[in-house]
1. How many residues are away from the ligand (no atom under 14 Å from the Cβ) and closer than 27 Å to GLY257 by Cα if we restrict to segment 92-125?
2. So which residues in segment 279-312 are of a type in the set (D, E, K, R), in a helix (DSSP H, G or I) and farther than 17 Å from MET368 by Cα, if there are any at all?
3. Within segment 232-257, restricting attention to residues that are closer than 30 Å to PRO37 by Cβ and buried (at least 24 other Cβ atoms within 10 Å of the Cβ), which residue is nearest to the ligand (Cβ to nearest atom)?
4. Is it fair to say LEU204 is in contact with a His (Cβ under 8 Å, 6 or more places away or on another chain), within 16 Å of the ligand (Cβ to nearest atom), in a helix (DSSP H, G or I) and at pLDDT 95 or above?
5. Are any of the residues in segment 35-51 in contact (Cβ under 8 Å) with a residue 12 or more places away in the chain, touching a strand residue (DSSP E or B) at 6+ places or on another chain (Cβ under 9 Å) and either under 30 Å from ILE343 (Cβ atoms) or buried (at least 19 other Cβ atoms within 10 Å of the Cβ) (or both)?
6. Would you confirm whether any residue within segment 67-85 is touching a Ser or Thr at 6+ places or on another chain (Cβ under 8 Å), within 16 Å of the ligand (Cβ to nearest atom) and closer than 19 Å to VAL268 by Cα?
7. Of everything in segment 208-226, what is assigned to a loop (DSSP other than H, G, I, E, B) and buried (at least 24 other Cβ atoms within 10 Å of the Cβ)? Give them in sequence order.
8. All but one of (1) surrounded by fewer than 18 Cβ atoms within 10 Å (Cβ to Cβ); (2) outside any helix (DSSP H, G or I); (3) touching a helix residue (DSSP H, G or I) at 6+ places or on another chain (Cβ under 6 Å) hold for LYS5; state the number of the condition that does not hold.
Amino acid sequence: MITLKNDDPEVWHAIQNEVERQQNTIDLIASENVCSPAVQEAQGSLMTNKYAEGYPSKRWYAGCGNVDTVESLAIKRAKQIFGAEHANVQPHAGSQANMAVCFAVLKPGDRILGMDLSHGGHLTHGFKKNFSGMFYDIVHYGVEKETGYIDYDKVRTIAKNTKPQLIIAGASAYPRILDFERFKKIADEVGAYFMADIAHIAGLVVGGVHPSPIPYADFVTTTTHKTLKGPRGGLILCKEKYAKQIDSIIFPGIQGGPFMHIIAAKAVAFKEAMTEGYKECQQQTVRNAKAMAQEFIKRGYNLVSGGTDNHLFLIDLHNKGMTGKDAQLLLESVDIILNRNTIPFDERGANEPSGIRIGTPTITSRGMKETEVTKIAECIDKVLSQPNDFRIKEEIRKTVRDICVQFPLYKKEAYQSVE
Ligand code: DSN
């Protein structure tokens, strides 16, 4: 980044500091990951200069031959890795992907049945201050207080009583397998469309460690940067019969020019997702989450639903006498990065919730395995159990630093400071 360093040292410094921060901290944010240098090169390319409203071979501007090539590759590869009939790779983010599906099949005021945000759902599944909650009539399902699992019989009863036009399966903090076949049956019974938002688990689906919604869902939406390990962006997969509807709602419906540099990077990421190494990484992500969850249980922590089937789990901190915010700040002070999270039926608000969410995608991408995740759980336990012990904090900071040195974010010279 020599040009950037010369031309804009303030931004260059901030980026260098971020390289240092990512390298020297343990990232347990379940929605983050590490994308490859190749993905970053495509993302940082001059394809950002190109306007390409429309779709491959059907653009409004001249000079689109090269961007047509990358978008066609991205579409072909997305269909291949997910086994989907149609892919639209243009959504700028997961929210736009979800908005597109809603706008394609619903009228304002129609009813959506989605998972409650406070039980692990997502803002775009009906939060009142989100477009979904503003434009549509929202009903929610959640998890059971005793088990932390979704009760599909209850989802069915809610669906039969409320007759939604769209049912959404998907979550940002649900540690268990989602039964897409069951959701589809419920949707069919009440005549609703079925959308699966697999933003969190897309990489696990491609890696074969979570069942795929593709055979069941009318629409599958995802981000491309979480477990999928691509650039920050969105993606819609659907049956061929909805292809025109989806394409025309993305453009010209809700977006203008696509981000061709991001689409190039999506193509690269989808190619990487075809490798054995990628599949192994997804399998290890789940093994790591399970091993880490077990270590916390052994140390007396309460996990929502008692564990995990995927890449994340939620710790209920009630018996630790601290809030999720306290834990987040305390752990950040020893270079362990995670987020506070509400737990189902939380009596506290989202700002000072009772839980923390822990995810293993980033540490697994760095090469960490069961030995390291068990060590990290021990570190977290020590800090949370003795929050005021300065020596413990020093010891954990050192352990974190050692682990980070042993498992670099990137092995390539390209990411080292040029200073
Ligand atoms: N904000 C993301 C997460 O952290 O789960 C969801 O989009």
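1. Selection size over segment 92-125: 9.
2. LYS298
3. The extreme case among them is GLY234.
4. Yes; evaluated as a whole, the condition is true for this residue.
5. no
6. Among the residues of segment 67-85, not one is touching a Ser or Thr at 6+ places or on another chain (Cβ under 8 Å), within 16 Å of the ligand (Cβ to nearest atom) and closer than 19 Å to VAL268 by Cα, which makes the answer no.
7. PRO213, ALA217, THR224, HIS225, LYS226
8. (2)
The values are calculated or read from the model by the stated rules, or taken from the named source; none is laboratory data. Every value quoted in this text rests on a predicted model; they were computed, and no experiment measured them. No Cβ is skipped: glycine too gets one built from the backbone with ideal geometry, and neighbour counts run over all protein chains shown.
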